[in-house]
1. From the square roots a ≥ b ≥ c of the eigenvalues of the alpha-carbon gyration tensor of segment 24-90, which class results: rounded (a/c under 1.5), prolate (a/b over b/c), or oblate?
2. When a/c reaches 1.5 or more, the comparison of a/b and b/c decides; with that in mind, is segment 245-296 rounded, prolate or oblate per its Cα gyration tensor?
3. Answer with one residue from 58, 96, 83: the one whose Cα lies farthest towards the positive end of the charge dipole of segment 4-116, charges on Cβ with Lys, Arg +1 and Asp, Glu -1.
4. Where a Cα-Cα gap under 15 Å defines reach, which aspartates and glutamates qualify for residue 213, not counting those fewer than 8 residues away within the same chain?
5. Tell me the angle of helix 128-137 to the major Cα principal axis of the chain, expressed in degrees between 0 and 90 and rounded to the nearest ten.
6. Give me 187, 320, 64 sorted ascending by neighbouring Cβ count inside 10 Å, so fewest comes first.
7. Sort the chain into rounded, prolate or oblate with this rule: let a ≥ b ≥ c be the square roots of the eigenvalues of the Cα gyration tensor; rounded if a/c is under 1.5, and if a/c is not under 1.5, prolate when a/b is larger than b/c, oblate otherwise.
8. Relative to the longest principal Cα axis of the chain, at what angle does helix 89-109 sit, 0 to 90 degrees, rounded to 10?
Amino acid sequence: MQPLVLLLTHAADHSTVDWVADALARRGALPLRVDTDRFPLDWQLGLRQERGEDTGFLRLHGRTYALEAVQAVWLRQWQPAALDDAVDARFRAQCVQECRHVLRALWDRLEGACWVNDLPQLERAGAKLRQLRLARAAGLRVPDTLCSNDPDEVRAFHARQARGVVMKMQTVLSPGMGGGAGNLYTTVIEAADLQDDPGLVLCPPLFQERIPKAEELRVIAVDGQLFCAAIRPRASSGRVDDWRPQSGLAWQPAQLPESVARCFRVLMRSLGLRYGAADFIHTPDDDWVFLEVNACGEWGMLQRDLGLPIADALAKALLTDSPLSSAAQSA
């Protein structure tokens, strides 16, 4: 019987899902794409606890799949329900919340499957300040960072940073690398920007020392295997200190020094992540600075531009017992 593998994503997702599906099919598995934002309008599920039995099903594309057949889950993205205008605006928020609870119950029902990554670890790993603390403990260099809604503390932090300060959000406002409406990129902050006390009080982002850049790296980790690429952003003439809005940049093959790679693998184990997309800065002084790791981060551009076999690595991970679980059992 073919292993059934769920690919949890959203309707606007792109070719990376197809690449992983193809890699799974080549290995004899049955991949099933599930667009989380299309629930409950376009697919149905049932979760039964009846007569001492715990069963369930998914029904989409005209077929029904027993939850007992699901052997692996790739949690690529999880987006809220996109309810149309048929739902009264007075009840839409409650309906979205109810759908979220139902999907969470589905994920709990599938906890015995092989996950990349499992939901509890993904949620814990999303805490940026915790990431930085664990990264420092793993031996990685991280930027000086402040998160505070005390305007005086923010201004004092800015004054202590001789190379300047950038601001970034802790949460993602839109999926994907291209951003979208309301997306906020990493931005250089001047002292004059810190005079709005009410603004600083109401929305405390992350403030970090500005790190000089020779190049920026995207490092994809899949069960300890690392795929690296570098990009050399142009010097910004504005306030945005982020390569993502810049067009015409080309990814180049790259590699982390083994000492840095070893520390990064320690961090991934500390976070309990089998997959992660990390950002590093390589400085002109040949230093390596860890910025963050996204448990659902993008990698398609690295496979597309450089041919890195990331989809194959993910397919292999989905059909392999978690090394984290194996390590825990042997401990």
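Computed from the coordinates by the stated procedures, all read-outs in this text should not be read as laboratory data. Here the structure is a predicted model, which is why all the values come from computation and not from measurement. As a convention, Cβ positions derive from the backbone with ideal geometry for all residues, glycine included, and neighbour counts pool all protein chains shown.
1. Oblate, because a/c is 1.5 or more while a/b does not exceed b/c.
2. Oblate, because a/c is 1.5 or more while a/b does not exceed b/c.
3. 58
4. Answer for residue 213, where 15 Å is the Cα cut-off: 241, 242, 279, 285, 286, 287, listed by chain and number.
5. Once rounded, the angle reads 70 degrees.
6. 64, 320, 187
7. The shape class here is prolate.
8. Once rounded, the angle reads 70 degrees.
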